[in-house]
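Worksheet for the structure shown next.
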Amino acid sequence: MSDRESQEEYEAQETDAARMRRRARFLRELAEARELRDRVQPRRAKAARLRHAVRMRTFRW
């Protein structure tokens, strides 16, 4: 394996790690935004929870 191939492999691993960090940050922010919306609009949040429960109940494994 040449130095160039090992360098490319290292960069690929680094970009995967960076992508995973960005994804984790995005999912944390998304969850935080949902929690905030649920606190600000409790009626809408309750309706969304009920719709989700019905959707999950009707889904067949």
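A few comments on the model shown:
- Between the beta carbons of ARG49 and ASP16, assuming R0 = 30 Å, the FRET efficiency works out to 0.30 to the nearest 0.05.
- Its alpha carbons considered, segment 3-58 gives a radius of gyration followed by a Dmax of 19.6, 60 Å.
- Local net charge near ALA24, Cβ-Cβ under 13 Å (Lys/Arg +1, Asp/Glu -1): +3
Read-outs throughout are calculated quantities, based only on the coordinates presented, and are distinct from any laboratory measurement. Just so you know, these numbers come straight off a predicted model, no measurement behind them. Cβ: placed from backbone, ideal geometry, glycine included. Neighbour counts: every protein chain shown.
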